[in-house]
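Colleague: The structure under discussion is supplied below as structure tokens; questions concerning it will follow.
The values are calculated or read from the model by the stated rules, or taken from the named source; none is laboratory data. Keep in mind it's a predicted model, so treat the numbers as computed, not measured. With ideal geometry, Cβ positions are generated from the backbone for all residues, glycine too; neighbour counts draw on all protein chains shown. To get the accessible areas, we keep the full protein, side chains included, count just its heavy atoms, and leave off ligands, DNA and RNA. Shrake-Rupley method; radii C 1.70, N 1.55, O 1.52, S 1.80 Å.
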Amino acid sequence: MRTPKEVEMISFVPAKLKDIFEKGRDYPWPKPEACPRCKDSKIWGHGFVDSYFDGFTGGLLLRRYRCPLCGCILKLRPCDYFSRFQASIDTIRFSLSHRLRYGRWPPGLSRSRQGHWLRALRRKVEGYLGRGWKACLIEGFDYFLARGINPVSRSM
Ligand SMILES: [Zn+2]
């Protein structure tokens, strides 16, 4: 059970998936000096989260920390990937710009997944930036990305 005080935070850090895969629990994840939420306490290791990424058959172990003072849980994730997405940001952007430029998907990726990215991007760009951006979806992708917002997620 999660107590009401518990808050989850995500920190995106540079990390090579191949190294995480090979080193497992021995991968040298960075450890923040203090809790990012209350800034008042050291944080402790709090196990790992199994996460799936394209190109790896099994899950990769991502580091998790917990603050004993405020209860905040900090999850580390590779910064080249959006939360809950298995394809890298570069791959997603490449797929979408290929589709928008040539009218077809690049080979090698699931079409349904790519279609989901495009629909989500269109919805987000038109919904938040306006219909004037309709012909500039990749510019919209970059606009959101530059602001730390996932351009292809359902939510803001
Ligand atoms: Zn804290």
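Colleague: Here is a list: Trp117, Trp105. Which entry is assigned to a helix (DSSP H, G or I) and more than 24 Å from Gly24 (Cβ to Cβ)? It would help to see each step written out before you state the result.
Modeller: On the way: Trp105 fails: assigned to a helix (DSSP H, G or I).
Every option except Trp117 fails the conditions.
Colleague: Checking Val7 against (1) over 22 Å from Ser153 (Cα atoms); (2) over 17 Å from the mean Cα position of the chain (by Cα); (3) in contact (Cβ under 8 Å) with a residue 12 or more places away in the chain, which single condition isn't satisfied?
Modeller: (1)
Colleague: Check whether at least one residue in segment 35-49 is away from the ligand (no atom under 16 Å from the Cβ) and surrounded by 14 or more Cβ atoms within 10 Å (Cβ to Cβ), and report yes or no. Break it down stepwise before answering.
Modeller: In the first step, residues of segment 35-49 are kept if they are away from the ligand (no atom under 16 Å from the Cβ); the result is 47-49.
Then drop every residue that is not surrounded by 14 or more Cβ atoms within 10 Å (Cβ to Cβ), which leaves 48-49.
Yes.
Colleague: Also: Condition first: of a type in the set (Gly, Ala, Ser) and either in contact (Cβ under 8 Å) with a residue 40 or more places away in the chain or closer than 16 Å to Cys136 by Cβ (or both). Now tell me which residues in segment 94-108 satisfy that. Steps first, answer last, please.
Modeller: Kept after step one, since they are of a type in the set (Gly, Ala, Ser), are these residues of segment 94-108: 95, 97, 103, 108.
Correct list: Ser97 only.
Colleague: Residue by residue through segment 50-81, note down the ones that are away from the ligand (no atom under 16 Å from the Cβ), open to solvent by less than 20 Å² (accessible area, probe 1.4 Å) and assigned to a loop (DSSP other than H, G, I, E, B).
Modeller: Scanning segment 50-81 gives a single hit, Phe53.
Colleague: Can I ask one more? May I ask you to list the residues in segment 17-34 that are exposed (fewer than 15 other Cβ atoms within 10 Å of the Cβ) and in contact with a Phe, Trp or Tyr (Cβ under 9 Å, 6 or more places away or on another chain)? Walk me through how you get there before you give the answer.
Modeller: Quick first cut of segment 17-34, residues exposed (fewer than 15 other Cβ atoms within 10 Å of the Cβ) only: 18-19, 22-26, 28, 30-31, 33-34.
Lys18, Asp19, Gly24, Arg25, Lys31, listed by residue number.
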